1. Which percent of the accessible area of the chain is formed by carbon and sulfur heavy atoms (probe 1.4 angstrom)?
2. Loop only by DSSP, 13 or fewer other Cβ within 10 Å of the Cβ. Give me the chymotrypsin sites (Phe, Trp or Tyr not before Pro) in the stretch 54-103 that pass, ordered by residue number.
3. Is the stretch 59-98 rounded, prolate or oblate when judged by the Cα gyration tensor, a ≥ b ≥ c being the square roots of its eigenvalues, rounded requiring a/c under 1.5 and prolate requiring a/b larger than b/c?
4. Can you list the lysines whose alpha carbon sits under 24 Å from that of K105, skipping same-chain ones fewer than 8 residues off?
5. Based on DSSP H runs of at least 4 residues, each adding -39500 (n - 2.57), what is the mean residue ellipticity at 222 nm of the chain after dividing by all its residues, to the nearest 500 deg cm²/dmol?
6. For the chain, what is the accessible area per residue in Å² when the probe is 1.4 Å?
7. Taking the dipole about the Cα centre of the chain, with the C-beta of Lys and Arg at +1 and of Asp and Glu at -1, give me whichever of N99, C18, H40 is farthest to the positive side.
8. Long-range amide H contacts for N94: which residues qualify at under 5 Å (H placed 1.01 Å from N, peptide plane, sequence gap of 5 or more or a different chain)?
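The values are calculated or read from the model by the stated rules, or taken from the named source; none is laboratory data. If you're wondering where the values come from, they're calculated on a predicted model, not measured in any experiment. Cβ sites come from the backbone with ideal geometry, for glycine too, and all protein chains shown count toward neighbours. Please note that ligands, DNA and RNA were not included when accessible areas were found on the heavy atoms of the full protein model with its side chains. Shrake-Rupley method; radii C 1.70, N 1.55, O 1.52, S 1.80 Å.
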Amino acid sequence: MKLDELIAKHPMLQNVRCGVSIGDGWCNLIDVLCGEIADHLEHHKDKKDDFKVAQVKEKFGGLRFYTDGNDEYISGTIALAESLSYTICEECGNPGTSNDDGWIKVRCKEHE
């Protein structure tokens, strides 16, 4: 999945205040994350209007998924996805590790 396909699939990503800036390798991870959040909000409609995605980006080699209007379930789901991002190549989605020099990135052997 490519970034533009991900954004088209998930309405919560279409009006992100500060943008979505990640490599295509994390799109499947974010696809699952957005699906979990959307399912949760469908069962908790009282929270649906308050929830907004503010920014999605890479920072210090890991995913950052900033939102407004979280509850504990959404916060935990985001924390899990952010943690998993440290093991996924941001370029292709294969297993990866973070480098230890300069700008920190998670890459597979092919993209390091």
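1. Here carbon and sulfur together make up 51 percent of the probe-accessible area.
2. Here the chymotrypsin sites (Phe, Trp or Tyr not before Pro) that fit, given the DSSP loop and packing criteria, are F60, W103.
3. It is prolate, given that a/c is not under 1.5 and a/b is the larger ratio.
4. Correct list for K105: K2, K57, K59.
5. Estimated from H runs of four or more residues: -11000 deg cm²/dmol.
6. Value for the chain: 59 Å² per residue.
7. Going by the Cα projections, it comes out as C18.
8. Hits under the 5 Å cutoff: C89.
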